[in-house]
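In what follows, a single structure is set out as structure tokens and then discussed.
The values are calculated or read from the model by the stated rules, or taken from the named source; none is laboratory data. Quantities reported herein were computed from a predicted structural model and do not represent experimental measurements. Ideal geometry is used to build each Cβ from the backbone, glycine not excepted, and the neighbour counts take in all protein chains shown.
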Amino acid sequence: MNRLHPPPRLSVLDGLKGIAILAVMLTHMPLAVWYQSTPDFFHRFLRVAIGGGGVGVTIFFIISGFLMGLRYPGQVSVFGFISRRYNRLFPPFLVIVLSFTLLRFSGYRYPYLPILTVFFSAFIVNRILAGIDRKRNGCHLFTKIILVLQTAAALSYVFFLTKIPSAVYYEIWPKYLQTLISFLVNATLTLPFGQYIGQLDGIYWALALEVLFYLLYPVLIIPLYPSLGKASKILKVVLLLSLFPFFIGLNLATERILGFGMLRLHLFIYFIAGLLISRNFNQIRKKTAGIRNLLINPAVFGMALILLFSPVIFQDFIPESVSVQVQTMMVIPAALVLILAIEGGNKILKAPALTFLGKYSYVLFLVHSLVIQTVLRFITPDNPVSAAKILLLSLGGSVLLAYCLHILTERRYFIGTAVSAPLTVGGKKIYSAKVTTAIFSVSVLLLLYLAFKPPVSLFTFVIRHSQQSILPATRDISVILTDRPLEMNFLSGESNMGMILTHLKNEKIPGITGGFVPFRLKMKLLNEDHQLISESIFNAYEIIDSRYHPFGFPIQFDSEGKTYAVQFQLTENSPSQRIRLISDEADLLSIYFADRKILFHYPLLLATWFMHKLREPMTNIKFWFTLIHLLPFLTVLIYRNLLSISYKSRLRGF
């Protein structure tokens, strides 16, 4: 098995983490005022320094994948692995979540209160952990508690909270209950299940994706790797190339389910890249032996790092419609940076300042937002000097607070890990590659189906009305609604029409703050004679991104073959917000309610209804667009672990 054995070299990974955490911290500091005091040609390079946080996060992801492949190259005890990772991740994280929650109650009344709250929260969490540790298998008990809470939060979302309208949640439910729910959701990192419960800190999406990697690593990634690792060279190349569209397609599908778009699943490819590098590093070293002098050149590493950060420099020229593809492809320079860092071991990455930041990078990642908010209560970033003061105080304060948090919570993990039993499982394989492949493939296809299925009741017919061709359906096409009526006509395809679904999106107007107007949206249904059938009024400012915004009305029993019109109109225009009607997938969807008694009385009609329900998602052009992205990888996976094996077995039978 290809395993890297260079403990002394891991210091360069600390240095690389130091660069990553600096990029993240600088991005969250209000340093844009420096643009005013620097020449225009320097602005693009300044943007790298204060806008490379996203790249810093991907560096963490690829290092995490590398370390998991390095430390756990073979089969592991599933619960033992998850327990070790959760005990590393959650204790300091819970301190910061508790701090933000307490500060919501207190309202940030005093400038020093955030820092004092962190120490108070750290003391509470430290005492709870100490009590758990005194029990037998305390680390495992802690993990079980987190897993139970995560499951409860996820089930509550799916079966309860998703049914609660946002207006009820925000206007009727008491604030203390909202705060408690927000704490539980954030503390368990079940944010992807959310619809309108936000992150207490905007960085939590990255931790949620990290947790997903930990959960999948022992049950999916480890079982599949050995079988794919034995594939032919051609199959391996095809497999690697198919990973790029696969993760793009996975992101296209998951962004449509509850709040899973928050996870940015296309970035999961960075974990896989790190894992592949750790598993194949010996081969990489052999094949690059002839150019080793080039690889250890610090200038080469510097150029690779610049290439990795280049999208930040040229972000003005990258269309939003291809940003996901660009972020996915940037895994190539990220992998190059990681290989050069380990192979070269250059002095830059071994600098004490960078390795120190890297060693405490996780707690720095957690505390820096709170420290920056505290500093901003004393200093306003209105000139370059004040911005410099914010930079120095935020960096210094974050380092001090992170070190204290490390002592109170994080150090417990490192002390406990040193004496813990190994996680490697010997003997018979726990998971079959065949079974894992089958479950994984079916899960992805089911996810795709659910992602594009309109959220309507079972006994309905859905008809999609669109004037768009296939090519434009791959990008956003929209109309901005105003106080002037916008009318859309469609032909009803069935009887018993009772609902219209449209895709509405509320967004901030760039460069404008304030000026909030409680504007409303009127939706009308008109018949063939342009007479009003029904009208509904919605609070437009409460609409976020409603992909299937419902407009219900009295059922039109004899609607088949008739022409109707839907009219959209705002009561007034807002200077800071706007509503877009997005029609890249369809102008609208008309919903028809089936009579259950008639359906079950006529088997042929029931079969027709069933086939219609089965192909509902497939009428969406984006369903096929996403499927094209997913199929190459799934095809290679199924061929390698299912089809080719059974085919060879049949050949041996002749």
Notebook entry, point to check: L354: buried (at least 21 other Cβ atoms within 10 Å of the Cβ) and outside any helix (DSSP H, G or I), yes or no?
Noted result: no
Check: Residues in segment 517-526: is at least one loosely packed, with under 15 Cβ neighbours inside 10 Å and in contact with a helix residue (DSSP H, G or I) (Cβ under 8 Å, 6 or more places away or on another chain)?
Finding: yes
Next item on the list: With the condition kept exactly as written, say whether any residue in segment 53-63 is over 21 Å from M303 (Cβ atoms), at pLDDT below 90 and in contact with a helix residue (DSSP H, G or I) (Cβ under 6 Å, 6 or more places away or on another chain).
Entry: no
Notebook entry, point to check: Quick check: anything in segment 484-499 touching a strand residue (DSSP E or B) at 6+ places or on another chain (Cβ under 6 Å) and at positive phi?
Noted result: yes
Next item on the list: Return yes or no: is F213 among the aromatic types (F, W, Y) and crowded, with 18+ Cβ neighbours inside 10 Å?
Entry: yes
Next item on the list: Kindly indicate which of G69, G56, G65 is within 20 Å of F268 (Cβ to Cβ) and free of Cβ contacts under 8 Å to residues at least 60 places away in the same chain.
Entry: G56
Notebook entry, point to check: So which helices (runs of 4 or more DSSP H) stay within segment 241-308 end to end and still have 3 or more residues that are surrounded by 16 or more Cβ atoms within 10 Å (Cβ to Cβ) and modelled with pLDDT under 95?
Noted result: 268-279, 281-287
Notebook entry, point to check: Would you say S546 is free of Cβ contacts under 8 Å to residues at least 60 places away in the same chain and closer than 20 Å to L491 by Cα?
Noted result: no
Checklist line | Selection within segment 110-130 - hydrophobic (A, V, I, L, M, F, W, C), under 12 Å from L98 (Cβ atoms) and surrounded by 17 or more Cβ atoms within 10 Å (Cβ to Cβ) | finding: V118, A122, V125
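Okay, residues lined up against (1) in the same structural domain as G515 (by TED's automatic domain parsing); (2) within 27 Å of the chain's Cα centre (by Cα); (3) of a type outside the set (A, V, I, L, M, F, W, C); (4) within 27 Å of P617 (Cα to Cα):
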{"position": "A540", "(1), (2), (3), (4)": "yes, yes, no, no"}
{"position": "S546", "(1), (2), (3), (4)": "yes, yes, yes, yes"}
{"position": "P550", "(1), (2), (3), (4)": "yes, yes, yes, yes"}
{"position": "D558", "(1), (2), (3), (4)": "yes, no, yes, yes"}
{"position": "A565", "(1), (2), (3), (4)": "yes, no, no, yes"}
{"position": "Q569", "(1), (2), (3), (4)": "yes, no, yes, no"}
{"position": "E572", "(1), (2), (3), (4)": "yes, no, yes, no"}
Notebook entry, point to check: What single numbered condition from (1) touching a residue at least 60 places away in the same chain (Cβ under 8 Å); (2) farther than 16 Å from G54 by Cβ fails to hold for N293?
Noted result: (1)
Next item on the list: Take segment 309-334 and flag every residue that is surrounded by 14 or more Cβ atoms within 10 Å (Cβ to Cβ) and in contact with a Lys or Arg (Cβ under 9 Å, 6 or more places away or on another chain).
Entry: V312, I313, Q315, V324, Q327
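One line per residue, one yes/no per condition, for (1) in contact with a Cys (Cβ under 6 Å, 6 or more places away or on another chain); (2) within 30 Å of A253 (Cα to Cα); (3) among the aromatic types (F, W, Y); (4) at pLDDT 90 or above:
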site	(1), (2), (3), (4)
S478	no, yes, no, no
R484	no, no, no, yes
S495	no, no, no, yes
G498	no, yes, no, yes
V517	no, no, no, no
K524	no, no, no, yes
N527	no, no, no, yes
P550	no, yes, no, yes
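Which ranges mark the helices (runs of 4 or more DSSP H) fully within segment 110-227 that have 2 or more residues being in the same structural domain as L94 (by TED's automatic domain parsing) and under 23 Å from L67 (Cβ atoms)?
So the answer is 138-159, 204-216.
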Checklist line | Subset of segment 115-137 [over 19 Å from I407 (Cα atoms) and touching a helix residue (DSSP H, G or I) at 6+ places or on another chain (Cβ under 8 Å)] | finding: K135
Notebook entry, point to check: If L504 satisfies every condition in (1) closer than 25 Å to F610 by Cα; (2) surrounded by 13 or more Cβ atoms within 10 Å (Cβ to Cβ); (3) at pLDDT 90 or above but one, which is the exception?
Noted result: (1)
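Can you tell me which residues in segment 541-562 are in a strand (DSSP E or B) and either closer than 19 Å to F593 by Cα or of a type in the set (G, A, S) (or both)?
S546, Y548, H549, P550, F551, G552, F553, P554, I555, Q556
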Next item on the list: For V444, indicate whether it is in a loop (DSSP other than H, G, I, E, B), modelled with pLDDT of 75 or more and of a type in the set (V, I, T).
Entry: no
Check: Considering I537, I512, I500, which residue is more than 26 Å from S576 (Cβ to Cβ), outside any helix (DSSP H, G or I) and among the β-branched types (V, I, T)?
Finding: I500
Check: Could you give every pair whose Cβ atoms fall below 6 Å, whose first residue belongs to segment 96-112 and is within 14 Å of T188 (Cα to Cα), and whose second residue is of a type outside the set (G, A, S) and in a helix (DSSP H, G or I), counting only separations of at least 6 or pairs across chains?
Finding: I96/L366; V97/N186; T101/F183
Check: Within segment 131-172, how many residues turn out to be within 19 Å of L200 (Cα to Cα) and either among the aromatic types (F, W, Y) or exposed (fewer than 12 other Cβ atoms within 10 Å of the Cβ) (or both)?
Finding: 3
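If a residue has to be of a type in the set (S, T, N, Q), out of contact with any His (no Cβ under 8 Å at 6 or more places or on another chain) and not in a strand (DSSP E or B) to count, how many in segment 563-593 make the cut?
Matching residues across segment 563-593 total 4.
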Notebook entry, point to check: In segment 200-219, what residues are free of Cβ contacts under 8 Å to residues at least 40 places away in the same chain and not aromatic (F, W, Y)?
Noted result: L216
Next item on the list: Determine which single condition L338 fails, assuming it passes every other condition in (1) buried (at least 20 other Cβ atoms within 10 Å of the Cβ); (2) of a type outside the set (S, T, Y); (3) farther than 15 Å from F60 by Cα.
Entry: (3)
Check: Across segment 515-534, what is the number of residues that are in contact (Cβ under 8 Å) with a residue 40 or more places away in the chain and not in a strand (DSSP E or B)?
Finding: 4
